[in-house]
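Step one of this worksheet: look at the structure below.
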Amino acid sequence: MKENPALTSDGQQNNTPILTQPKVSKTDKLHEIVENLPPEKRTLIALRLQKKSQEAPQNQTIPQIKRNRHADSFPLSFAQQRLWFLHHFEPNSLVYNMPGAFRLTGVLNLAALEQSFNEIIRRHEVLRTTFYSVNEQPVQVIHPPQPLTLPILDLSELCETEREIEKQRLVTQEAQQPFDLKKGPLLRVILMRFGEEYIMLVTMHHIISDGWSLGILIQEFVALYEAFSVGKPFLLPELPIQYADFALWQRQWLQGKVLETQIAYWQEQLRGSLPILKVPTDRPRPVVQTFRGAEQLLVLPKTLFEEIKALCAKSGVTLFMMLLAAFDTLLYWYTGEEDIVVGTDIANRNRTEIEGLIGFFVNQLVLRTDVSGNPSFLELLERVREVTLRAYAHQDLPFDKLVETLNPKRTLDRTPLFQVKLILQNTPLSTLALSGLTLDFIEVDNKTAEFDLLLNMMEVEQELTAVLKYNTDLFDTTSIIQMLKHLVTLLSYIVSQPDLKLSTLMATLSVADRQDFQMNSQQKLIKTKRKSISREAL
């Protein structure tokens, strides 16, 4: 699941004792507590107080999300609407498929498995929702629960080599199977059997789900399966609202002064022409983006990760902020540009009513960092911290509304506003033990890339893993491997000498690393320019 940096930065336990001496006012006590907080938390509190004071004159309060069942069709949320239009533009695109694979080892109770998924589908209306166009406007239609029968592909009779080949083929095939938003269902579950081992493939379309939602689905599955497998009825608490209620609420709330305040911040933050990061590529950019992709994985040394966390604690920043500052530095080296724009995801689950809902809540934030003036890395880190915290404070503006407001020049060869993205996952799915059964999460690559580069950092059991997803029309595998190595080298120098200027950090790289980096960048630029000239000549 994807990290919600806003929750992470504000969710650390505060161990500061509350003073109880007599003759000390509540105001004084509160002031002392705030002063003892890390700089990051003080900044976040200040931002919230500032935002609250700005909104106070209008007496604006955020209304509660209420259940609305006057109809079975509802408007789409802003995020859903964006995917709806993208789907109509390219209906067979696989970019918004969300594939997941789970290894089930042990004695599997198939009846309990089906019963668990049927209960989850009953609970979450979004899993039985389809999307239509009425009067040229998209609507989501909720259907009654229908019994789910899981297809089982038995590969037990194949030899081990054939079994592995067929397993990989089927996993890829399922991940690349497009969805029909009108017909549905938009959730598919398939079982592959290998004797007492099963692979369960769970695929959803992004319009009904996100990373957090996958975690909810698995948590509910585990709880329900545990009960149903031993014949005990188990009912999870009924959900107070459904995703369609949120979509209706969002459209009613996000307007007027609320919308104007959000838009005003982002217009100021992203004023002027947003730069296009010219990361050296192995091939010229195609006229139309194809979304063909691949990924490379690298595990950082444990000692380096410990040093990174220590620097985070000392600097009063989250791990996400540290990695963003490092990534900005890397992009600055690769491009020579001082205005760096990187996108990220935020869970956007900042209301209790929606914490346990499956649905598409995740929002994209645009993080614009100024690296001019040759700052030290610590100075750059402070800039990143401020940019990130202010973005968190204005996270409610849906990305599609931001694009609509800024109205950038649209092209078919790249995504709007940013082409490079950073995500930190600090709550990954791990091994889960059930009665007589073990469930392991398996990463699935559906061979797509929505962006030029997407750096997915994952914190797993005291290890930090980097998965760099890239557009294969632009980059070769060797270039991506090299980029990951440069990132690790950079992080190693940052933790040892964080107060060095960016130019000095570059100079402290070993001669071999520096020459390798410079030659690689120059060769790519020359290679790309030659191919671009050749293509234009045609």
Please find the FRET efficiency linking residue 338 to residue 288, where r is the Cβ-Cβ separation and R0 is fixed at 30 Å, and quote it to the nearest 0.05. 0.50
Pairwise label distance in nanometres, residue 406 with residue 478, each label 7 Å out on the Cα-Cβ vector: 3.5 nm
Could you tell me the distance between the Cα centroids of segment 198-253 and segment 77-106, to the nearest Å? 16 Å
When the Kirkwood radius is taken over all Cα pairs of segment 400-468, what Stokes-Einstein diffusion coefficient follows at 25 °C and 0.890 mPa s, in µm²/s? 160 µm²/s
By how many nm would the segment from residue 260 to residue 351 lengthen if fully extended, with 0.36 nm per residue of separation less the alpha-carbon distance? 30.7 nm
Given Cα pairs under 8 Å that are at least 6 residues apart, what percent is the relative contact order of segment 121-279? 21 percent
For segment 368-435, one quarter of the surface area of the C-alpha convex hull, expressed in nm², comes to 9.0 nm²
Of the options 153, 172, 213, report the single residue whose Cα projects farthest towards the positive end of the charge dipole of segment 73-244 (beta-carbon charges: Lys, Arg +1; Asp, Glu -1). 213
Cα-based Rg/(2.2 N^0.38 Å) for segment 189-268, rounded to two decimals, is 1.70
With r defined as the distance between the Cβ atoms of residue 485 and residue 154 and R0 fixed at 51 Å, what FRET efficiency is calculated, to the nearest 0.05? 0.75
Value of Rg/Rh across segment 73-244 [Cα atoms, Kirkwood radius]: 0.99
Using amide H atoms built 1.01 Å from N in the peptide plane, name the residues 5+ places from residue 460, or on other chains, whose amide H lies under 5 Å from its own. 465
Paramagnetic reach from residue 273 in segment 373-412 [backbone N under 17 Å; point 7 Å along Cα→Cβ]: 406-412
Which of 283, 271, 349, 385 comes first, and how do the rest follow, when ranked by fewest Cβ neighbours within 10 Å? 271, 283, 349, 385
Tell me, 504, 130 in order of fewest to most beta-carbon neighbours within 10 Å? 504, 130
Full-extension gain between residue 303 and residue 441, please, as 0.36 nm times their residue separation minus the C-alpha to C-alpha distance. 47.1 nm
Most exposed first, judged by fewest Cβ atoms within 10 angstrom, 196, 174 run 196, 174
Find the centroid of the Cα atoms in segment 399-452 and in segment 460-481, then give the distance between the two in whole Å. 14 Å
What distance in nm separates the two pseudo spin-label positions at residue 93 and residue 314, each 7 Å out from Cα along the beta-carbon direction? 4.4 nm
Charge context of residue 104, other residues only, Cβ under 15 angstrom, K/R +1, D/E -1: -3
Please compute the modelled spin-label separation between residue 133 and residue 168, points set 7 Å along Cα→Cβ, answer in nm with one decimal. 4.1 nm
Which FRET efficiency, nearest 0.05, do residue 110 and residue 462 yield, Cβ-Cβ r, R0 22 Å? 0.05
Using Cα-Cα distances under 8 Å and only pairs 6 or more residues apart, what relative contact order does segment 366-440 have, in percent? 21 percent
Dipole of segment 222-324, positive direction: furthest Cα of 240, 317, 269, with charges on the beta-carbon: 269
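Each value in this text was obtained by applying a stated rule to the coordinates, not by laboratory testing. In this text the structure is predicted, and so the values were computed from the model without any measurement. Neighbour counts run over all protein chains shown; Cβ positions are idealised from the backbone, glycine included.
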